[in-house]
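Taking it in order: structure first as structure tokens, then the write-up.
What follows is calculated from the coordinates using simple rules that are stated; it is not laboratory data. All figures in this text were calculated on a predicted structure; none of them were measured in a lab. Positions of Cβ are generated from backbone atoms using ideal geometry, with glycine treated the same way; all protein chains shown enter the neighbour counts.
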Amino acid sequence: MRKRFAAGLLAAALGALALVPTGASAATEFGDSCVANDTVEAPITFVESSAPGNPLPTAAPVSGVLTHWRTNVIPVPFAIPATMKVLRLNAATLTASVVGEATGAALSGSNTFPVRLPIQAGDYLGISGGSQVGALICETAVDSGLVTMLNAGPGNSVPYEAGSGEIRVPLVGVIEPDVDGDGYGDESQDGCPQSALYHSACPVITISTINVAGKSAVKVLVATSSSAPVKVSGTVKLGKASKAQLSAKQKTVAAGKLVGFKLEFPGKLKERLKELGPNEKLTLDVTAKATNVAGKVSTGKSKVKLKGQG
């Protein structure tokens, strides 16, 4: 039933293969980094529940998105098809639900395959074989916790049997957080993890304004390219180093909609305008600021001429 690799290749692999250290990251790894040295040709899925000396948790320690899976193989002169499954085991009913699966062609050494599958804390990785293509395994001399079941596709549930055997499962999964719940890993797959609406970079807000001056206030009509909270303020020089500050209550502006903001004149601005003749003017500098989902602020500036009211 097993198709063994050459013993000499295994001896060479032990000296040649090593885990590649990973950099600092919020991603979480689980599974087993053992080096595959054998295959099993049978329509069976293998899951490792525990193994002596394995430094990684065999079950997913956190929930998120499975973004990569890896398998290590001793030097071989050909590619070996491998099928990885995400499995959710129910100990009460001794059944396993197949959450998802992915395939890859494993070559000598460390193989990394991208994937995008939801995963929950407690899920396991399984490796599947068939009558023609063997399942990659690490054959050892020490018993490990082993779960076996017949192959099943995503969305199906199948009975499993828990026991032990001199087999480990050469699969490592990489889980990334998914803060916005959009099904994309926040580190390598999601360009805008602050919002489920965007997977590429978070959009930068553009602002357009229309100003309408009145006797006691300026109405500022604001439009934005994306829905965003907007704050409108203004500054006007009154002369002799004196200034008046104006502000309006923050509002959320929906994309493509005009929303009005009222900049009411404070008392000292009203008094100054009454001191000026109709042909004299003060300049009000208006600033509109919008914040996108990533916290980046866009600014729109404009000017309004205020006529004297004396």
- Query: Please state the Cα pair-distance histogram of region 157-230 with 5 angstrom bins from zero: what percent is in each bin?
  - Reply: 3, 11, 12, 9, 10, 9, 9, 9, 7, 5, 4, 3, 3, 2, 2, 2, 1, 0
- Along principal axes, Cα extents of region 80-152, largest first, whole Å: 39, 34, 24
- Just need the relative contact order of the chain here, percent rounded to a whole number, with Cα pairs under 8 Å and 6+ apart. 16
- Query: Cα centroid distance between region 210-224 and region 58-103, in Å?
  - Reply: 59
- Query: P(r) tail for the chain, what percent of Cα pairs lie past 35 Å?
  - Reply: 46
- Could you size up the charge dipole of region 157-196 around its Cα centre, putting +1 on the beta carbon of Lys and Arg and -1 on that of Asp and Glu, and report it in debye to the nearest 20? 260
- Ranking 135, 42, 189 by how far each Cα lies towards the positive end of the charge dipole of the chain (+1 on Lys and Arg Cβ, -1 on Asp and Glu Cβ), the top one is 189
- To the nearest 10 degrees, the tilt of helix 7-16 (Cα long axis) against the first principal axis of the alpha carbons of the chain is 30
- Item | Furthest towards positive pole of dipole, 297, 276, 224, structure part region 207-307, Cβ charges | 276
- Spelling it out for residue 63: with amide H atoms placed in the peptide plane at 1.01 Å from N, the residues 5 or more places away or on another chain with amide H under 5 Å from its amide H are 121
- Item | the chain: calculated mean residue ellipticity at 222 nm from DSSP helix runs of at least 4, using -39500 (n - 2.57) | -2000 deg cm²/dmol
- Message: Using Cα springs under 10 Å in a Gaussian network model of the chain, which residue among 283, 112, 140 shows the largest mean-square fluctuation?
- Response: 283
- Holding the Cα-Cα limit at 18 Å, pick out from 237/303; 281/305; 249/307; 257/289 the pairs that are longer than that. 249/307
- Note on the structure: With T = 25 °C, eta = 0.890 mPa s and Kirkwood Rh from C-alpha pairs, the Stokes-Einstein D of region 101-257 in µm²/s is about 111
- Message: I need the Debye-formula profile for region 7-176: one equal scatterer per C-alpha, no solvent, reported as log10 I(q)/I(0) at q = 0.19 1/Å, two decimals.
- Response: -1.29
- Task: Mind pulling the per residue volume of the convex hull built on the Cα atoms of region 242-310? Å³ is fine.
- Result: 108
- Computed for region 183-310: size of charge dipole around the Cα centre, +1 on C-beta of each Lys and Arg, -1 on C-beta of each Asp and Glu, debye to nearest 20, value 960
- Task: Show which lysines lie in cross-link reach of residue 296 when reach means a straight Cα distance below 19 angstrom and same-chain residues fewer than eight apart are skipped.
- Result: 231, 251
- Item | Sparse-neighbourhood loop sites, trypsin sites (Lys or Arg not before Pro) in region 133-236 - DSSP loop, at most 10 other Cβ within 10 angstrom | 215
